[in-house]
1. Is there a residue in region 232-249 that is touching a residue at least 40 places away in the same chain (Cβ under 8 Å), under 30 Å from residue 86 (Cβ atoms) and more than 20 Å from the chain's Cα centre (by Cα)?
2. Have a look at 112, 152, 183, 134 and point out the one that is in contact with a strand residue (DSSP E or B) (Cβ under 8 Å, 6 or more places away or on another chain), farther than 21 Å from residue 62 by Cα and not in a loop (DSSP other than H, G, I, E, B).
3. Please determine, by comparing only the residues of region 205-231 that are over 24 Å from residue 33 (Cα atoms) and not in a helix (DSSP H, G or I), which one is farthest from the chain's Cα centre (by Cα).
4. Check region 152-162 and report whether any residue there is under 20 Å from the mean Cα position of the chain (by Cα) and within 23 Å of residue 40 (Cα to Cα).
5. With the requirement that a residue be touching a strand residue (DSSP E or B) at 6+ places or on another chain (Cβ under 7 Å) and in contact (Cβ under 8 Å) with a residue 40 or more places away in the chain, what does region 250-272 give you?
6. Looking at (1) free of Cβ contacts under 8 Å to residues at least 60 places away in the same chain; (2) in the same structural domain as residue 142 (by TED's automatic domain parsing); (3) out of contact with any helix residue (DSSP H, G or I) (no Cβ under 8 Å at 6 or more places or on another chain), which one does residue 178 not meet, given that it meets all the others?
7. Would you be able to tell me the number of residues in region 186-204 that are assigned to a strand (DSSP E or B) and either farther than 17 Å from residue 238 by Cβ or without any contact (Cβ under 8 Å) to a residue 12 or more places away in the chain (or both)?
8. Quick one: residue 35 ticks every box in (1) closer than 24 Å to residue 150 by Cα; (2) at pLDDT 90 or above; (3) part of a loop (DSSP other than H, G, I, E, B) bar one, so which box is it?
């Protein structure tokens, strides 16, 4: 789903480091739209108030990031979102010394800033990060709630308003990219999935402006495409892609072209599978 506006966290003199992380300030007062499916909002609030770290599991594009943005704004806390990847190191999170104006000075990373400011730090797809990242998280995920900064000699104690949230997609788990049981058991966990059809219809309609009846037909198509996961498709169509498709249709693009750009091309490069997806679109919407 679309995210609330965010600005790059970019320390002066280190553009490469800034490209790896994003931060959002919830002080704007606007709460991003999110439609609850179960008890996830209550669980998040309880975890926040009881100072418990939270782990979210679910497929790509099912609303995990929007949910975090919604809750951070609802609680009035600054949100620091980090998109994890193979090159992300512990230093990218905690900070490093940089040469600025002929002088060397320490610049906090997003995790350190979240601890100092009492914000929410969200590590998206945490299993993609290097192993030293999970090591630095351990002291923050037990009753110590500490962040040791070895390079500065500081030992930061997280305030009550600090919260650590991580997520990953179990569908992409690999033996070399999975959370160790010792790490998983440090978190309160919640599984996410795509919303029930009637809720997903309302979400797609609200976000795209496409009338609800047309969105209902789109959701029916999504159910068919998701049934292909694990067979012809590695991953089912996300709610995010459905919103993209509905947005294009609502703004005048023919359904076949909108579906090609959002429900066919992003899902596979296999030409035979693509033709099967196009046939599913034609069977659902007819020829436009």
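The values are calculated or read from the model by the stated rules, or taken from the named source; none is laboratory data. Note that the structure is predicted; figures quoted are calculated from it, not measured. Here Cβ is always computed from backbone atoms with ideal geometry, including for glycine, and neighbour counts include all displayed protein chains.
1. yes
2. Just one listed residue meets the conditions, 112.
3. This residue is 231.
4. Checked region 152-162: at least one residue is under 20 Å from the mean Cα position of the chain (by Cα) and within 23 Å of residue 40 (Cα to Cα).
5. 267 - this is the single residue of region 250-272 that is touching a strand residue (DSSP E or B) at 6+ places or on another chain (Cβ under 7 Å) and in contact (Cβ under 8 Å) with a residue 40 or more places away in the chain.
6. So the condition that residue 178 fails would be (3).
7. 3
8. With (1) closer than 24 Å to residue 150 by Cα; (2) at pLDDT 90 or above; (3) part of a loop (DSSP other than H, G, I, E, B) applied to residue 35, the lone miss is (1).
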